[in-house]
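Right, one structure below, let's go through it.
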Amino acid sequence: MANNTVTLTALFQEDVRAAQAVRDITSPSWRVERVCGPVPSEAIHQALRGKKTPVGWFTLIGGLLGLVTGYGFASFTSLRWELIVSGKPVVALVPFLIVGFELAVLFAVLGTVIGLILHTRLPAYGDEEDNPVECTADRFGLVVQCPAAELGELQAFLEERGAWVRRQ
Amino acid sequence: MATDNTTPLSFAEVDQTVTRTLEPAGRLYWSVVVALLLGMGFGLVCWIYQILVGIGAGGQNNPVHWGTYLVNFVFWVGIAHSGTLISAILHLLRAPWRNPVARAAETMTVFAICTAGLFPLIHLGRVWMAFFMIPVPNQRTLWPNFQSPLIFDLVAISTYLIVSVLFWYTGMLPDLAAIRDRASGAKKRIFRALSLGWTGRYQQWAHYARSYLLFAALATPLVISVHSVVSWDFALGVIPGWHTTIFAPYFVAGAIHSGLAMVLTLIIPLRAIFGYQRIITMGVLEKVAQTIIFTGLIMGYSYATEHFIAWYSQSSVEMEQMAFRMFGDMAPQFWIMIVFNSLVPLLFFFRRFRRSLFWLFALSILINIGMWFERYVIIIGGVAHDFLPHAFGGYAPTFIEYGIMLGTFCLFFFLFILFVKHMPSVSMTEMKEKISEDQAHGQ
Amino acid sequence: MGATAMTGTEANGKSKRFAGVGRLAWGMVLLGLAGFVAALLLGEPQIAWRAYLVNFLLFSAIAQGGLAVSAMASTVHVYRSSFPQLAEAFSAFFPVSLLLFLGLIPGAEYIFPWLGQDFAGGKDLWLSLPFLFTRDVVAFVLLYALGLMYLYYSLWLRVGQSAPQTGLRTWLAGIWSRRSPNPETYANRRFVLGILYLIAFAAVLSLVGYDLVMAAEPHWYSTLFGAYTFIKAVFVGIGALIILAAALHINRSVRMEIASWEYIDAGKLLLAFCLLWADFFYCQLVVIWYGNIPEETAYVITRTVQAPWNVMAGTVFVLGFVVPFLVLLNRRVKTLPAMMTGLCCAIVAGMWLEHYLLLAPALGGAESTVLPLSWADPVISLAFLGIMIRVVLGYLNQFPETLEPVAGSRLHGAGGN
């Protein structure tokens, strides 16, 4: 971080205003450090040019792995003893579907969790100390860094877009 | 849905209403907690007695080898399902009445599964033998029999517990962060640890929102499959009254029926005590009641179908089983089941019953009683009166069973009221999402 | 939902655009009828009546299930899309279905294998021609009456304000003007009738499933069979609805406006019922397979594992479950009308084969060793398809406002996710 930069926190009541402010920041010396809020917002996501999340792939892979594991494990354990129980075949596809299905769902959920943890990089203890507390309450926050000389300009820019501004 | 003429809530009001409930509790609260602890303790003593004396301390014997432990198991798993229906399925359907009650419903689910999970252990008698069920390589070179419905149960219920806990906890993350930012001292440290450093940055929200949707989409088939698997504990056997193809959807509908009734039983007092009237409006309770009509109709259809097909099949054992249920030793329980489960919910067709807190609460209790008796009639009736008349028998729960039942009911309510006083019992984030959606649509 | 009144020439123009398809439909009906008569004359009444029954069940299910979609939309789930109002077009088949059911009476000896068998305990009363026909006619009349009453109120709410152009509309307008309807009362009545229709739908289709399909093997039973029948009806009804909507959307002279999100929602509903149908099938299969009781398993073994029906069973599974499941997982596919039409045609064909698979082993056995269909099956099916097309077109000609998008539906889209 450069020595003579200041950081301003702008709090918006509506997400569309915050998104507009993000889109309007074109000056290269102004850096958007973080945008946060209490609810997800499609407007802000698009303003930040966010990409589609790949978490779904983790889910799909988990699900397929689970299906194979379920069928595979049940078949493997049955084949260890090869006992015919109440006239059913040793490797019985009809009931093993249940085990396969349940494990498919379980592994898909675990895949989703892994995907979520990897991409959100949680737990991120310490990150919340730099975070405006209003962002978990009722305001959409924009934390912007700019050179000290442009402080006034940035503050006016944000206030005219409906923000309440403070120094971090 | 009737309008409640309330001015729309703001984000700050939602926060305040919910965080106010987390303030230190008074004497009445702690007295109730202690009373529930005593109940749990009594149940534990009964269970220890059973472990020392043997499973015969309960009433199950020949021919009724599955008694109240199984009835309670199915009862609690059933209750868990409607929590997932509300929090997962209604999320997919984008039903607006879901958000105020989703957290309490999902909490009910987690604790109901925990309570249900105790019963297979209690029913084992020699509890330590439970490790036989876990599929790990061992020096006995034994594996569980994956063709057994009881192992399907193990897999399904474990899956359901893990998925529900993850869904519940993930859903709570933004709320835990909100409380962390408003708390101080020890409370702040605890919530800081629990909220994993959640900040609400939009990079996090993108992945989070999609993950939550995927959780909901994955929990949805579990609502159908888990209770279908539980029903197959009975249907895959050949006992008359058990071996019938309708069991899976019948049990799932019954689960949702009893679960919704338990939601009402829990939420009506919660709403009154915590002052949630603006969040959990009468409209929301009405929607729950309307859904209960639907599940009640399915129960009525199932009862009628079972009896009709028993006659149509001209199978003497099936017809005898149905006659036993209607006119035999189990008749009082049977008729309670029919009236409370399929006729009583029809009262919710009338606005007077749907909009009255007293009737909503009272009928929800009746429905839960009826659903408990349904499991009793099915499980105990089936084995008491199956193929050979000389093997017909009776069953009565013993004092130990009643004690354990009391203990587990106390456990459930204990966990629930501990939760609601120390954690956010309404999802603040989802309420805020609903508010901002309503604002965006200009309503 | 005010559609503006149309001029006489506009209405004529709109009815002309279906003229070609209408003629084709009549052609199909004549061809099918000829096939039916030919089969009778050629000394193969078994295959003729079997095809009649299968088609009667399938096309009635499409009609009943289609209206059930509309009823579900207006009672249980608020569904601001054009699909539910389009679904009401299928109710035009109701009177035809009733007549076709009565038409089964001459063929009773070929479609009711239990005729002449002895049953104990009052079951011979239940399975007797007079009682069966009486109760099923009463059931159909009740179901169709509730459906048409529902339609009556629904039509007033949607098109009651427009000037009538056709005979039926004028007659309806006459009734409405004598009654001076109140929008709130009518909306409330539609709601109540929607619920009553759905309850009757479940009960009547269960009864019809037990009487016309399950009873073909009179000693076999499955408690879930009734529910399985009505879930199948909704599944195939949604499939047919999507075909209809896509056809109207693609057709150059109609170009019905349907937004992407409406297709996506319909696709999701289709996937949900596909899974539900497959689940209900599995629920029956696993219980019967596991119990391994011969009086139950014989039915299932014949239809799923034994030649020659096993190939058909596999085909049904692929067309009814595997293909829809894999295709409908993709969001984009749901917005392509041509793809959805293809998929839904596969589904309806799969359900046709499913009805056939349940009935044919009991009603006359196999003709060939690979795919045990006869020449009469596709030919006679054409007749029923032709009738269905004809009545739906008739409905759309009478109520062209059905093709206008629901007011506000484009603005208040349910949105994607």
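Structure above, values below:
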item: Hull shadow area, averaged, the protein assembly as shown [alpha-carbon convex hull, nm²]; result: 46.3 nm²
item: Distance (nanometres) between label positions extended 7 Å along Cα→Cβ at C:D124 and C:L40; result: 3.0 nm
item: Given A:K88/C:K123; A:K52/C:K268; A:K52/C:K334; A:K51/B:K434, the pairs whose alpha carbons are separated by over 26 Å; result: A:K88/C:K123
item: C:L115-B:S10 FRET efficiency (beta carbon distance; Förster radius 60 Å; 0.05 resolution); result: 0.25
item: Among B:W359, B:W30, B:W335: highest mean-square fluctuation, GNM of chain B, C-alpha pairs under 10 Å; result: B:W30
item: A:E33 long-range amide H proximity, modeled H, under 5 Å; result: A:V143, A:V144, A:Q145
item: Carbon/sulfur fraction of accessible area - segment B:1-65, other protein chains in place, 1.4 Å, %; result: 65 percent
item: The protein assembly as shown - charge dipole about Cα centre, Lys and Arg +1 at Cβ, Asp and Glu -1, debye rounded to 20; result: 2020 debye
item: Loss of accessible area when A meets B, both sides summed, Å² nearest 100, probe 1.4 Å; result: 4900 Å²
item: Pairwise label distance in nanometres, B:I134 with A:E159, each label 7 Å out on the Cα-Cβ vector; result: 6.4 nm
item: Global size of segment B:177-332 as Cα Rg and Dmax, reported in angstrom; result: 23.1, 71
item: Karplus (6.51, -1.76, 1.60) ³J(HN,Hα), θ = phi - 60°, over segment C:132-139, in Hz, Gly and Pro reported as x; result: 4, 5, 4, 5, 6, 5, 4, 4
item: Cα-based Rg / Dmax (Å) for chain B; result: 22.8, 71
item: Inter-chain Cβ neighbour average for residues A:44-57, partner chain, 10 Å; result: 3
item: Amide proton proximity set for B:T398, modelled H, under 5 Å, gap of 5+; result: B:G59
item: Cα Rg, Dmax, segment C:153-192, angstrom units; result: 10.1, 29
item: Debye intensity ratio I(q)/I(0), log10, chain C, q values 0.08, 0.11 Å⁻¹ (C-alpha model); result: -0.44, -0.84
item: Percentage relative contact order, chain B, counting C-alpha pairs under 8 Å, at least six apart; result: 32 percent
item: Charge dipole (segment C:200-279, unit charges on Cβ, about Cα centre) - positive-most of C:Y221, C:A240, C:G209; result: C:A240
item: Segments B:12-21, B:421-430 sorted - mean Cβ within 10 Å per residue, highest first; result: B:421-430, B:12-21
item: Using θ = phi - 60° and Karplus 6.51 cos²θ - 1.76 cosθ + 1.60, couplings along segment C:204-221 (whole Hz; Gly, Pro as x); result: 5, 5, 4, 4, 5, x, 5, 6, 9, 10, 5, 5, 4, 10, x, 9, 9, 8
item: Dipole magnitude (debye, nearest 20) for chain C, charges at Cβ of Lys, Arg, Asp, Glu; result: 1620 debye
item: Surface accessible to a 1.4 Å probe, C:V137 within the full protein complex, Å²; result: 40 Å²
item: Choice from C:D265, C:D136, C:D279 with maximal GNM fluctuation in chain C (Cα, 10 Å cutoff); result: C:D279
item: Average beta carbon contacts from partner chains per residue of C:192-203, 10 Å cutoff; result: 1
item: For chain A, accessible area per residue (1.4 Å probe, heavy atoms of protein chains only), Å²; result: 51 Å²
item: Accessible area buried, both sides summed, chains A and C with 1.4 Å probe, Å²; result: 600 Å²
item: Förster radius 60 Å - calculated FRET efficiency between A:V32 and C:N188 (Cβ-Cβ, nearest 0.05); result: 0.65
item: Nearest-ten-degree value, helix C:260-291 long axis tilted from longest Cα axis of chain C; result: 20 degrees
item: Student exercise, segment C:59-150 dipole from Lys, Arg, Asp, Glu Cβ charges, in Debye to nearest 20; result: 300 debye
item: Selected from C:S260, C:S91, C:S177 as most flexible by GNM, with chain C as the system and alpha-carbon contacts under 10 Å; result: C:S177
item: Per-residue ³J(HN,Hα) for segment C:111-123, Karplus 6.51 cos²θ - 1.76 cosθ + 1.60, θ = phi - 60°, Hz, x for Gly and Pro; result: 10, 10, x, 7, 4, x, 7, 9, 10, 9, x, x, 5
item: Label-reachable residues, segment A:63-80, where backbone N falls under 20 Å from a point 7 Å from C:L326's Cα toward its Cβ; result: A:63-69, A:71
item: A:D15 accessible area, assembled protein chains, probe 1.4 Å, Å²; result: 40 Å²
item: Loop sites in segment C:282-379: trypsin sites (Lys or Arg not before Pro), DSSP, at most 16 other Cβ within 10 Å; result: C:R331
item: Interface area, B with C, accessible, probe 1.4 Å, both sides summed, Å² nearest 100; result: 2900 Å²
item: Förster radius 56 Å - calculated FRET efficiency between B:Y49 and B:I162, Cβ distance, rounded to 0.05; result: 0.95
item: Averaged over A:26-36, number of beta-carbon atoms from partner chains that fall within 10 Å; result: 2
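The values are calculated or read from the model by the stated rules, or taken from the named source; none is laboratory data. This one's a predicted model, so the numbers in the text were calculated from it and none came from an experiment. Positions of Cβ are backbone-derived with ideal geometry, glycine not excepted, and every protein chain shown enters the neighbour counts. All accessible areas refer to the heavy atoms of the entire protein, side chains included, with ligands and DNA or RNA removed. Shrake-Rupley method; radii C 1.70, N 1.55, O 1.52, S 1.80 Å.
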